[in-house]
Structure formats: structure tokens, C-alpha cells
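**Q** Please read through the structure below; I'll follow up with questions.
Coordinate-derived values only; no laboratory data. Just so it is clear, the model here is predicted, and its values are computed rather than measured. All Cβ positions, even for glycine, are placed from backbone atoms using ideal geometry, and neighbour counts span all protein chains on display.
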2 protein chains.
Amino acid sequence: MREETIAPTSTGSLIAADRVEGTAVYNRGGDHLGSIKTVMIDKPSGKVAYAVMSFGGFLGIGEKYHPLPWGMLTYHRGQGGYVVDLDKGALEGAPQYDAAETPNYEDQAWGKQVHDYYRVPPYWM
Amino acid sequence: MREETIAPTSTGSLIAADRVEGTAVYNRGGDHLGSIKTVMIDKPSGKVAYAVMSFGGFLGIGEKYHPLPWGMLTYHRGQGGYVVDLDKGALEGAPQYDAAETPNYEDQAWGKQVHDYYRVPPYWM
């Protein structure tokens, strides 16, 4: 099995955001964690800041959103989705919000605690 | 009127790709050029390489896609869409393709001529 950091419809390192959206996310144990709702782009730098993973709920009710630093995602062809190094317990304690309480993504203090949780440097560094 | 480089649903510099998708694109003269179909992300660097603008066609037939270097887009609140500095003639001669002939986005020679056309440095520089 080939493991790559690319999406299924890509032939190399470039992927279309509308293909990332809807792609399943698993952990290394093969548990299905959710799927990518969208990606957040930092307009001035042109960098992708987060992939927003949605989990649970039905028709948007009860759905939880987890902002994941973009670099955490690795596409696994065999799995047909992204794999992140995150067990279910770590995910339960991770920064998350529901549709009614979208956080201020601009707030660097908020962004910093998301990145700190996953122990990766912030996108603005 | 305030002019900003952000999208309508954003409170600052971060925008969701699924909000960028579908947003109208105008030139400085106010001509409607098309709408954003998706954005292309360079996975390793986490940088947005292109916004793909679609134009014309019906249900995907006859539709043309123009890859626009991401930095060309400026969101104008008053216009309710992105504005690019591009007259209709320049757009006609610009790199484009239709759905049946998706280019190899990985090909740096192809990417270079897109960026050269718009006189902006490539995203990989």
C-alpha cells in the first residue's frame, strides 16, 4: 500500500479543496473520526490554516467541529481518507465547537491553544 | 465602502474554502467574469496555489476553467465578490481549459506559464 500526502483525485501535490471536503478522516487504529467539512484559508499569506473536521449529528444538529492544523492530515490511498495520529480519547478532549458557537478563528489566543493541543507550530509562525 | 481581502462570512483574514467556492468574480470595470469553482492547495507547503474560476456553460457543458493565482483575488464587500485586475480581452487570452481536458496542475512548466501570464511569482517560489 502506498501512503501519500495527496488526495485521491490528485496526481501529485496539488489537491482541490472541493475534493478535500467530504473526505473521511481516520486515526491510525482505523477508527472513523469524522469527515472534512471545509478548510480555512489565511487570505493574506495564502496558507491553509485548518481543516475543519465534522463529527456526529444529523442534518447539522448535534454536529461537532474540530479544527485540525492542516499539516496533521496525511492522505492514505488504501484507507481512502485522511489519517491523523489521534486516538479517540485525545479527540474528545480536543478543541471543538458546535454550529451554534463558531469560534473566532482570527483570535490568535484561540488559534494558539488549538495548535498547542496538537503540539504543532501555528500557521502564522 | 470598505474594501478588504476577506470573504463575506469571515470576520478577519481567515476564510472557509466552501465559502470561497461559488463566489462571483468581477473585473475592475464591474464585468462579471465567472465564479470560483474551487481552490487548489499545494499539500506539502499548505499554500493555496490557485483559485479556479469557472465561466460559461450549462450544467458543466461548455464551461471553461481559468486557474487564477490566489493572490490576484481581492474581496470587495460592496461588489459582493472578488475583483481581479483583468479586462475581458486579457481573460480570453488567458490559460484556460474545459472539463474534458484538465491540465496537469503538477507540471511546473504549465504552472509557470499561468503565473507568467498574470505576471505574478509562482506559489512555489
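**Q** Please average, across the residues of B:47-56, the number of beta carbons from any other chain that are within 10 Å of each residue's own beta carbon, and give a whole number.
**A** 3
**Q** Would you compute, from DSSP H runs of 4+ residues alone, the mean residue ellipticity of the protein assembly as shown at 222 nm, taking -39500 (n - 2.57) per run and dividing by the full residue count, rounded to the nearest 500?
**A** -4000 deg cm²/dmol
**Q** Oh, and also: Need one value for A:17-27: mean number of C-beta atoms belonging to other chains within 10 Å of its residues' C-beta atoms.
**A** Average neighbour count from other chains, rounded to a whole number: 3.
**Q** In debye, nearest 20: dipole of chain A around its Cα centre with unit charges on the Cβ of K, R (+) and D, E (-)?
**A** The calculation lands at about 320 debye.
**Q** Okay, moving on. Quantify how strongly other chains surround peptide A:101-108 by giving the mean number of their Cβ atoms within 10 Å of each of its Cβ atoms.
**A** 3
**Q** How far is it, in nm, from the label point at A:Arg28 to the one at B:Ser35 when both lie 7 Å from their Cα along the line to the Cβ?
**A** Label at A:Arg28, label at B:Ser35, 4.3 nm between them.
**Q** When each pair of different Cα atoms in the range B:33-125 is counted once in the 1/r mean, what is the Kirkwood radius in angstroms, to one decimal?
**A** 13.8
**Q** Here are some pairs, B:Lys43/B:Lys112; A:Lys88/B:Lys37; B:Lys43/B:Lys88; A:Lys43/A:Lys112; A:Lys43/A:Lys88; which of them have Cα atoms lying more than 25 Å apart in this structure?
**A** A:Lys88/B:Lys37; B:Lys43/B:Lys88; A:Lys43/A:Lys88
**Q** Further question: Less than 15 Å Cβ to Cβ from B:Leu33, Lys/Arg counted +1 and Asp/Glu -1: what total charge do the surrounding residues give?
**A** -1
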